[in-house]
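Right, one structure below, let's go through it.
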Amino acid sequence: QVQLVESGGGLVQAGGSLRLSCAASGRAFTSYAMGWFRQAPGKEREFVASISSSAVSTYYADSVKGRFTISRDNAENAVYLKMNSLKPEDTAVYSCAARGGGMRTGPSSYDYWGQGTQVTVSS
């Protein structure tokens, strides 16, 4: 089992940057693909980015491609999401998630979730 705790959210102006962190505890972090998802009020949870267990492969939603970067440090049991050029429409609760096996974009494919961290982008 894996426990996930996100941090790094906050209030930022449009065009600004934030770096989210997700600290993992538990067994075999290096065997899990990791994903970031977000959910805005009144909307469904949506995929943001994913990274393979070895960090060799990454995948992004079209809406964040070129602005966000996912990375992981397996020695530190952590995954990160660097967000640049933030827009008001990026405002949401951001959650990290873990799954055994390869990367996926569907939330239902992930086994473990953090509690989320709020990101608010003002115009």
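The values are calculated or read from the model by the stated rules, or taken from the named source; none is laboratory data. All values derive from a computational prediction rather than experimental measurement. We place every Cβ from the backbone using ideal geometry, glycine too, and count neighbours over all the protein chains shown. To get the accessible areas, we keep the full protein, side chains included, count just its heavy atoms, and leave off ligands, DNA and RNA. Shrake-Rupley method; radii C 1.70, N 1.55, O 1.52, S 1.80 Å.
Within the shell defined by Cβ-Cβ distances under 15 Å, the residues around GLN39 carry a net charge of -2, with Lys and Arg each +1 and Asp and Glu each -1.
Subtracting the Cα-Cα distance of VAL56 and ASP111 from their residue separation scaled by 0.36 nm leaves 17.7 nm. The longest part of the chain holding none of the exposed loop trypsin sites (Lys or Arg not before Pro), meaning those outside H, G, I, E and B in DSSP with at most 16 other Cβ atoms within 10 Å, is 68-103. Tell me the carbon and sulfur percent of the accessible area for the chain, rounded to whole percent, probe radius 1.4 Å. Carbon-and-sulfur percentage of accessible area, whole number: 46. Checking every one of the GluC sites (Glu not before Pro) in the stretch 22-110 against DSSP loop status and a limit of 12 other Cβ atoms within 10 Å picks out GLU44, GLU76.
Excluding ligands, DNA and RNA, the accessible surface per residue across the chain is 49 Å² with a 1.4 Å probe.
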